[in-house]
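Enquirer: First the structure, then my questions, so here it is.
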Amino acid sequence: MTSPLSAERLKARAVALGFNLVGLTPAAPSPHLLAYLRWLELGQHAEMGYLARPDRVARRRDLSAILPGVRALVIVGLDYHTLRLPPDLLADPARGRIAAYAWGQDYHRLMLPRLNELAAWLRAESGAETASRAYVDTGAVLERSHAQQAGLGFTGKNTMLIHPRRGSDFFLGELLTQAEFDVYAQPSREGLCGRCTRCLTACPTQAFAAPYVLDSRRCISYLTIEHRGWVARDLRDRLGNWVFGCDVCQAVCPWQRFAVETRETAFFPLDADRAAPPLEQLLALTPAGFEQRFGGSAVERAGRDQLVRNACLAAANGRQAHLLPLLERLLHDASPLVRGHAAWAVAQLAGPQAAPLLRDCLARESDAEARADMLQTTIPLTG
């Protein structure tokens, strides 16, 4: 049986690879597992069915279902805080807003190779065939809870992991490993929010069912990224100019004053248009143009159709009437999702004057879901 490895040497290696935070915790079930299961029972995971798959739930219950013989979790953090852009630019109704974590290159592509390097180092250090499994935001692991157990921070009422000296602007990654270490971290305190409720009250869609409980069905980040279908009509005007993700519950958090600027130049936006692209440009995106502009970034996950869908809503919410010609062109888009949301935006911006145009749009619409959405508009489209 091999001797336990040095936690300090592991941490030093992780820091040398560029990670800002690193913690170690035994491979035990998350102390918040029951809360997670209750969250699933209430349907608050929305349409992210993969979160409730029996095999995924089994992995969260028992980490050995992922890696037999697992003994420890190495949790790493990487800062992504870059620029404090002018609020006027971010709030400009002629621009779509992108969450700060997606301003630069895709963090998955940057972090996963480093975690795999760390796994290779563990194999060499242990002198045995020590297996490990690396994840960056993709595994069936309650990573924020395990990170709290590894001493990397506490869970805020906005469900984010918050470090008392760094805020919450950092990515998490984890390495499940069969290696054993000589010492493990003490868990961070459960909560340091006190009576503060800024994040709960600031949420534009009131997505927090209670402190520490996020209802994904109302979350702007979910609606603009993970949700592949029709945005609920009673939430569309609450999305403001967000077109990918949302930073509101983090931005208002008092702990954010301690956010540390990242050393990763890859996370900095190339220019202001990467953080807040003009809606005129987003509405004109073709599939090839989307890939050219957002390929290699986290925004790529949404896909062209969803991003244009979101831009339609942002244009209407910002009362950008000068964009009507682009929106009218999108009534002929190849995507039913885009056509339907463009019709909603045209109705919001043009009012009753849009009725003839939208009636024609409805008459040629062959997609059942798009037709159903168009028929819900406040402008009479039939008769």
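Quick note: the coordinates plus some simple rules give every number you see, no bench work behind them. Values in this document were obtained by computation on a predicted structure and should not be read as measured data. Don't worry about glycine lacking a Cβ; one is built from the backbone with ideal geometry, like all the others, and counts go over all protein chains shown.
Enquirer: Take each of the peptides 37-49, 249-261, average the number of other beta-carbon atoms within 10 Å over its residues, and list them starting from the highest.
Expert: Numbers: 37-49: 14.1, 249-261: 17.2.
Ranked from most to least packed, the peptides come out as 249-261, 37-49.
Enquirer: Points 7 angstrom from Cα along the Cβ direction at Asp88 and Ala120: gap in nanometres?
Expert: 5.0
Enquirer: At q = 0.10, 0.11, 0.13 Å⁻¹, what log₁₀ I(q)/I(0) does the chain have when each alpha carbon counts as one equal point scatterer in the Debye sum?
Expert: Rounded to two decimals, the profile gives -0.70, -0.83, -1.08.
Enquirer: Let me ask something else about it. Can you show me the helix-derived [θ] at 222 nm for the chain, built from DSSP H runs with n ≥ 4 at -39,500 (n - 2.57) apiece and divided by the number of residues, rounded to the nearest 500.
Expert: On the way: 16 runs with 138 residues, N = 383.
The helix-only estimate for the chain comes to -10000 deg cm²/dmol at 222 nm.
Enquirer: Of Leu63, Leu83, Ala52, which is farthest along the charge dipole of segment 45-96 in the positive direction, counting Lys and Arg as +1 and Asp and Glu as -1 at C-beta?
Expert: Leu63
Enquirer: State whether segment 104-167 is rounded, prolate or oblate according to the following rule on the C-alpha gyration tensor (a ≥ b ≥ c being the square roots of its eigenvalues): a/c under 1.5 gives rounded; otherwise a/b larger than b/c gives prolate, and the remaining case gives oblate.
Expert: Note, shape of segment 104-167 comes out prolate.
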